[in-house]
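Colleague: Structure in structure tokens, see below.
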Amino acid sequence: MPSAQARTLGLPLPPSTTAVPTRLSAAIFRAKVMAHRARRKVRNLIDGAPQLAHIDRADFSVTLAEARSPLWSDGRPAERRFQLGKVHNLRRAVRAFDRLLVPQGETFSFWRQLGRPSRRRGFVTGRMLQQGCLVPATGGGLCQLSNAFYQAALASGCEIVERHAHSRRVPGSAAALGRDATVAWNYVDLRFRAGVPLLMEARLTNDELIVRFRTRVSAQLTSAPEQTIAALAPPSAATCGTCEQTACFRHERTAPETLGRTAYLLDECWPEFRDYVRDTRDAGDVLGIALDGARFGLARHEWDTRRFAQVVTAPLAAAARALALRRLKQQGPARRAAELRGTARLARRLARALTPDVTEVCVAQSLLPFLWREGQLGGRRFTVLLTRMPMHLLHARLDAAAAAHPDRASLADFRAPDWLLNAEREALARAERIVTPHAELAALFADKALRLAWQLPPVSPSPREKATPRCIAFPGPTVARKGAFELRQIARELDLDVMLLGSELEGARFWDGVRVHRPGNTGWPDRVAAVVQPAYVEERPRHLLAALAAGVPVIATAACGVAPQTGLTIVPPGNPQALSDAIRKLLDQ
């Protein structure tokens, strides 16, 4: 254990002996550890630090300190699996600290907040400094996080209550500068006291650990007692695979190199995404899906599971989500909230596919914010399969439409919570690639978007002589965000017949004054002069694609995601006059 002076002032400890560890010395060390743990447990009963709470607060806007460090500090092939283990442990640990509030005058304890890093809790083997050597240990690598907290605490003017220096310099650490803080469950802790309320943030990008301390006000913290930090530059630590002490009982034989693999975490199956996954997967990759759609005859989940080394499913979570939605109306805030809750449960279940050796992820947009908020994507490169407008932009568009049309209640019936919007926004900004067939969505991410071609259904060209001259099809559903109010207005003015292809969500009498028809499941393109979708937002323009494939003229907004082409007329959303002009021109031809 460090001396009292080292604990109080944070002075680095003198280098430990360079003697090769023996089984006897290791046994003695373990006995000492057990004694120290028992003593700490008793001390915590008397003066232990409190368990702190997590919050989501926007008013902590002033950054007091930031500490960054690279995740991948050792590029040697023999260390690859331990680097993957370290990053996985950091990924697990940051959940305990991200968005953590340290009240003014309260003491933060690393171990009180994190708890024991055991395999039962998902921690794996990384490197840990022990008896002067970097040895394999469950939870190894967490010192990178305690180092960052210590540096941020110093920069924020916090009072350092307890800190211990490393006895060896770990590659990539701040030990040479005397700004490191080692931790070992539970007796070697990092503790500090905040001078003002602090909000801790801890995040992993694909290549960095980032820690920030924020507060509500720009005033500086009350100065802590001056602390002398001696930069003694302790000697470098060697790993048990590279120290060349082959006679040591800890010496490691060369292990097969761990290269990493990709996990595909998917939700609804679009044909465009199905082909993309089929073309990009490798034999060692893992697939995470709600359930095996081919087995249960569900086209919505019919992903190709062949050639994956492992397939992870979550049938209970998928069934619970489907059952909850079936019990609710097709429209409204209750349904939207239930869908989000069900998808969050699904994301947690599919996260089982993210083993430490997964270095890249291809993830469905629906799962993205939940996995990001849980820290599952940290330390990994990831691609997003984008199916709809990002929520913060979607809300802005619907808010503008609702302000222009306050009588259309469905435009403002539901908004996702701010934390979900922020999580999705952050994750999309960090994504390496955005994949989508939707033209408008691809344009939002022009620098990193891969726009797939929409797959047209196998439809024979429609014999136009059978079409009813003044009958148009409305894909719908009948709801304000799909342009139903604008289309109803024009249908009344121009005396049009409207064929409804979707459900009616605005009430039974919405179409009063308009002649409406319900088609069968097939053959509807033969009977209409055009397909019209003046939507504010549209995710799946399948009826528009079917019409274009059949040679039926289409009038739609850019929000429908179909790129300009022959047979397609683009009109702005929420503009009845432009819609009327486009329909008149088409009918007059």
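Only the coordinates and a few stated rules stand behind these numbers; no lab work does. Just so it is clear, the model here is predicted, and its values are computed rather than measured. Using ideal geometry, Cβ is built from the backbone for each residue, glycine included, and neighbour counts are taken over all protein chains shown.
Colleague: If you bin every alpha carbon distance in region 302-451 into 10 Å steps from zero, what whole percent lands in each bin?
Modeller: 10, 34, 38, 16, 3, 0
Colleague: Which of the listed residues, ILE160, ALA31, ASN575, is farthest toward the dipole's positive end in the chain, when Lys, Arg count +1 and Asp, Glu count -1 at the beta-carbon?
Modeller: So the residue furthest toward the plus end is ALA31.
Colleague: Sort 151-157, 580-586 by packing, meaning the average of other beta carbons within 10 Å per residue, with the highest value first. List each step's numbers first, then the result.
Modeller: Details: 151-157: 21.4, 580-586: 16.6.
Packing order, densest peptide first, comes out as 151-157, 580-586.
Colleague: Would you mind computing, in nm to one decimal, how far apart the modelled labels at LEU393 and THR305 are, each placed 7 Å from Cα along Cα→Cβ?
Modeller: 3.5
Colleague: Still on this structure, I have one more. Could you work out how much longer the chain between LEU456 and LEU444 gets when fully extended? Use 0.36 nm per residue separation minus the Cα distance between them, nm to one decimal.
Modeller: 2.0 nm
Colleague: Next up: If I stretch the segment between HIS405 and THR355 completely, what's the gain in nm (0.36 nm per residue apart, minus their alpha carbon distance), one decimal?
Modeller: 13.1 nm
Colleague: Please give the peptides 22-31, 309-318, 533-542 ranked by average Cβ packing (other Cβ atoms within 10 Å per residue), highest first, as a rough proxy for protection.
Modeller: Per-residue Cβ counts within 10 Å, averaged per peptide and sorted highest first, yield 533-542, 309-318, 22-31.
Colleague: Using a Cα distance threshold of under 25 Å, what count of lysine pairs results for the chain when pairs must be 8 or more residues apart or interchain? Don't jump to the answer; show the numbers that get you there.
Modeller: Details: LYS32/LYS41; LYS329/LYS482; LYS466/LYS585; LYS482/LYS585.
Counting lysine pairs in the chain gives 4.
Colleague: Classify region 464-588: rounded, prolate or oblate, from the alpha-carbon gyration tensor (a ≥ b ≥ c, eigenvalue square roots; a/c under 1.5 rounded; otherwise prolate if a/b is larger than b/c)?
Modeller: rounded
Colleague: Further question on the same structure: Using 7 Å Cα-to-Cβ label points, what is the CYS248/ARG216 separation (nm, one decimal)?
Modeller: Reported label-point gap for CYS248 and ARG216 is 5.1 nm.
Colleague: May I ask what percent, to the nearest 5, of DSSP beta bridges between residues of the chain are antiparallel?
Modeller: Antiparallel bridges: around 40 percent, rounded to the nearest 5.
Colleague: Give the residue list of trypsin sites (Lys or Arg not before Pro) in region 273-332 that are DSSP loop and have at most 16 other beta-carbon atoms within 10 angstrom.
Modeller: Working: sites: ARG274, ARG278, ARG281, ARG295, ARG300, ARG306, ARG307, ARG321, ARG326, ARG327, LYS329; in loops: ARG281, ARG306, ARG307, ARG327, LYS329.
When the trypsin sites (Lys or Arg not before Pro) of region 273-332 are filtered for loop state and at most 16 Cβ neighbours within 10 Å, ARG306, ARG307, ARG327, LYS329 remain.
Colleague: Which of the DSSP-defined H helices in the chain satisfy a minimum axial length of 24 Å, computed from C-alpha atoms, and a minimum mean Kyte-Doolittle hydropathy of -0.5?
Modeller: Those that clear 24 Å and a mean of -0.5 are 23-47.
Colleague: As a check on your grasp of the helix formula, calculate [θ] at 222 nm for the chain: sum -39500 (n - 2.57) over DSSP H runs of n ≥ 4, divide by the residue count, round to the nearest 500.
Modeller: -9500 deg cm²/dmol
Colleague: Rg and Dmax of the chain, Cα atoms, in Å?
Modeller: Expressed in Å, the Cα Rg and Dmax of the chain come to 29.8, 96.
Colleague: How do the peptides 488-496, 506-514 rank, highest first, by the average count of neighbouring beta carbon atoms within 10 Å per residue?
Modeller: Working: 488-496: 16.8, 506-514: 13.0.
Ranked from most to least packed, the peptides come out as 488-496, 506-514.
Colleague: In addition: Can you tell me, using C-alpha contacts under 8 Å and at least 6 residues apart, the relative contact order of region 464-588 as a whole percent? Present the calculation step by step, with values, prior to reporting the outcome.
Modeller: Details: 235 pairs, mean separation 33.9, N = 125.
Reported relative contact order: 27 percent.
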